[in-house]
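Let me begin by presenting the structure, written as structure tokens, before commenting on it.
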Amino acid sequence: MASVTYDHVSKRYSADVTAIRDLNLQVRDTEFMVLVGPSGCGKTTALRMLAGLEEITEGAIKIGDRVVNDVPARERDIAMVFQSYALYPHMSVYDNMAFGLRMRGVPKRQIEEKVRSTATMLGLEPLLQRKPRQLSGGQRQRVALGRAIVRNPQVFLLDEPLSNLDAQLRVETRIHLQRLHRELGATFIYVTHDQVEAMTMGDRIAVLRDGILQQVASPRDLYDHPANMYVAGFIGSPKMNFIPVTVQDRTAKASGFEVRLPTAPGIEKGVLGIRPEDLTAQLREDWPTVEIKVEVLEVLGSDQYLYGKIGADDCTARVDPNLKVAVGDRMRLAVNVDRLHLFDRETERAVI
């Protein structure tokens, strides 16, 4: 397997359209790296440049120690799994998985061994003689993965491969992909717009916005230490509460409350970031309290979400599902000051 390096890579389609701006990213050997961001942020373009399907405007891409800017796609030793699966409808599952090996002149016996062993790994052995139209969405996805695995490439590229699956099957396939990554010991680069997929699957996550890399970190670090408001709002569900505050020395004042900060941040206008779970009904003497007027209530079994106003600001709180509360209630909640975030209102950069 191999590492992947984006070294000051840019992609411009015209003077007015830049998909990727000065991307610097190191994907470690055998790592599961996730590129995440909304539609149009450049994540698929970054993947397609690595695959050799898009030309690079500036910079260099390396697979291992080899610069591949001018290497044809077929010679890069990568395998790509698309959102659409891209299976040949007239071929059986076996032939779909074997096709790439046949085109490379691999001996028939070796093809048989690779396809059979991969089918066993993916639970596809009973389906090898079926056509794609006879398969479910999850089965088609496994065939697309199998077609990539039999090639034993240096790097696996997965472009939103779970988007066409229903919610339950997405969860099952996420788990299967993580097991598969460990079994293969391969380098995976996975593109998604779904932050839940990113948080549950990635060893590290690269967050993109408008073609610019915002932050690269482990899921836990991204959640606990976002570099800016964009990352803080994108990672986490429900999203972080953002409350405008004025700052005087070490005190942040909002419309409905004020909190003492651990240090003086050196700014006057900020935005306080509070995760929904850090607004809690378990009151403590050393935590300040706020009053929320409940406007919407969501009970999801293991969680209960309160949506309402704290002063003039919209806020969301995640509370105990057994807590008795109704729409229209006013509740006192404690603010976990140990997990507060503060952002500069002008630059949106994290200062605490």
Identify all residues within the range 266-281 that are of a type outside the set (D, E, K, R) and surrounded by 15 or more Cβ atoms within 10 Å (Cβ to Cβ); write none if there are none. 267, 270, 271, 272, 273, 274, 276, 279, 280, 281
Can you find, within the range 253-291, the residue that is nearest to residue 337 (Cα to Cα) among those that are in contact with a Lys or Arg (Cβ under 7 Å, 6 or more places away or on another chain) and in a strand (DSSP E or B)? 260
In the range 162-173, the residues that are in a helix (DSSP H, G or I) and open to solvent by less than 40 Å² (accessible area, probe 1.4 Å): 173
Across the range 18-40, which residue is most open to solvent (accessible area, probe 1.4 Å) among those that are more than 21 Å from residue 200 (Cα to Cα) and at pLDDT 95 or above? 21
Boolean, residue 111 is of a type in the set (A, V, I, L, M) and under 30 Å from residue 28 (Cβ atoms): no
Checking the structure you have, find out if any residue of the range 314-323 is modelled with pLDDT of 95 or more and open to solvent by 70 Å² or more (accessible area, probe 1.4 Å). yes
For the range 123-140, pairs from a residue that is under 12 Å from residue 95 (Cα atoms) and open to solvent by 30 Å² or more (accessible area, probe 1.4 Å) to a residue that is of a type outside the set (Phe, Trp, Tyr) and in a helix (DSSP H, G or I), with Cβ under 8 Å and 6 or more apart or across chains, are 129/93; 130/93; 131/93
Which of the residues that make up the range 70-109 are of a type in the set (Asp, Glu) and either loosely packed, with under 11 Cβ neighbours inside 10 Å or more than 19 Å from residue 44 (Cα to Cα) (or both)? 70, 75, 95
The condition from (1) touching a Phe, Trp or Tyr at 6+ places or on another chain (Cβ under 8 Å); (2) without any contact (Cβ under 8 Å) to a residue 12 or more places away in the chain that residue 253 misses is numbered (1)
Test: residue 263 is among the hydroxyl-bearing types (Ser, Thr, Tyr), loosely packed, with under 14 Cβ neighbours inside 10 Å and within 33 Å of the chain's Cα centre (by Cα): yes
Given (1) within 26 Å of the chain's Cα centre (by Cα); (2) of a type outside the set (Lys, Arg); (3) open to solvent by less than 50 Å² (accessible area, probe 1.4 Å); (4) at pLDDT 95 or above, identify the lone condition not met by residue 303. (4)
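The values are calculated or read from the model by the stated rules, or taken from the named source; none is laboratory data. Because the structure is predicted, anything quoted here is derived from the model rather than measured. So basically every Cβ, Gly included, is an ideal-geometry build from the backbone, and we count neighbours across all protein chains shown. For the accessible areas, the whole protein counts, side chains as well, though only heavy atoms, and no ligand, DNA or RNA atoms are used. Shrake-Rupley method; radii C 1.70, N 1.55, O 1.52, S 1.80 Å.
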